[in-house]
Amino acid sequence: MSTAERLMSSLTARRGERVLAWLAVGAVGVSAVLSLVASPPDAEQGGLIRLMYVHVPAAWVAYLAFAVVFVASVAYLRTRKTRWDRVAAASAEVGVLFTALTIVLGSIWAKPVWGTWWTWDPRLTTTAILLVIYVGYLAVRRLPDNPARRARWAAVVGIVGFVDVPIVHLSVRWWRSLHQAPARLIGVPDVSGSMGVALGVGFIAFTLVYLYFMALRLRVGRLEERVVAEALSPRIGQPAEALMEEPARG
Amino acid sequence: MAETLAAARYAGYVVAGYLIAGVGLGAYARLLFHRARRARARAAAMVARRAGPQR
């Protein structure tokens, strides 16, 4: 078993899931206090800057989730192990949630700062396209088809769709944009002092929430596969456990 | 007075943002728990039906 698979197994064990839940709740609590109480208002935007502490980490988690979809899709196509397909499916679902959250939070921030809820700005437009791509990915996963073929097509969409992530990130540099530019390529904007600490803790908190959702969503995926295996078991004449372990081929 | 009103209006956007984030993430967690419970119950029902008296 590879290191990545071992790490995944320990995180998705019930004990790992519970530890992640408590870590995520604690980090979100600390992040909320730092963002809403300890962090000072911005010289230009006043208290509205507090929206940055949820909007930017949500965008980071969306990037992270789709990067995991990309890596898991490549791993699936190379190994054909269904566990990689499960990881890609779980991460895409969580990524769609965080992308939608990023857009909604950005819109709430944009209204008082830009004077509009939405504008067809390059960053906003490419982010909307990103959402559509991964909603499409989830739609591909629901097509009534052979599970192995469906997983293969989903992996292809997961790999091709990731092309939009660097486009979203660099859109503010490539085109004229209302959206402020990220100061560094790794995605951490230039903020310092207590604002930097609040933003850093926000990144950690949202990453822990992502990991917890992944652990939970992977367990749900296994349980839902179990239902399908139990339904098929008497028709195929094999125990459900054997059907769940069947490597995806075809 | 105008400044206070503007600050209160801006605080409303911040509160709305944090509420939406909290409710959105909480609702997704609840949905996952619901899906897990439903899947476990359906799998258990199928096993029980198979183990029951055969006609």
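The values are calculated or read from the model by the stated rules, or taken from the named source; none is laboratory data. Just so we're clear, the structure is a prediction, and the values are computed from it rather than from any experiment. Glycine also receives a Cβ, built like all others from the backbone with ideal geometry; neighbour counts cover every protein chain displayed.
How many residues are surrounded by fewer than 17 Cβ atoms within 10 Å (Cβ to Cβ) and touching a residue at least 12 places away in the same chain (Cβ under 8 Å) when one looks only at segment A:22-41? Step through it out loud before you land on a result.
If we filter segment A:22-41 for residues that are surrounded by fewer than 17 Cβ atoms within 10 Å (Cβ to Cβ), which is where we start, we get A:22-23, A:25-26, A:29-30, A:33, A:36-38, A:40-41.
From the residues that got through so far, the ones that are touching a residue at least 12 places away in the same chain (Cβ under 8 Å) too are A:23, A:30, A:36, A:38, A:40.
Within segment A:22-41, residues that are surrounded by fewer than 17 Cβ atoms within 10 Å (Cβ to Cβ) and touching a residue at least 12 places away in the same chain (Cβ under 8 Å) number 5.
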**Fill in**
Taking first residues from segment B:1-22 that are farther than 14 Å from A:Ser107 by Cα and second residues anywhere that are modelled with pLDDT under 95, the pairs with Cβ under 8 Å that are 6 or more apart or on different chains are B:Ala7/A:Gly46; B:Ala7/A:Gly47; B:Arg9/A:Pro112; B:Ala11/A:Gly47
**Request:** Inspect segment A:54-75 for any residue being surrounded by 20 or more Cβ atoms within 10 Å (Cβ to Cβ), more than 10 Å from every other protein chain (Cβ to nearest Cβ) and over 25 Å from A:Arg219 (Cβ atoms) and give the result as yes or no.
**Result:** yes
**Prompt:** What single numbered condition from (1) surrounded by fewer than 16 Cβ atoms within 10 Å (Cβ to Cβ); (2) part of a helix (DSSP H, G or I); (3) of a type outside the set (Val, Ile, Thr) fails to hold for A:Ser91?
**Reply:** (1)
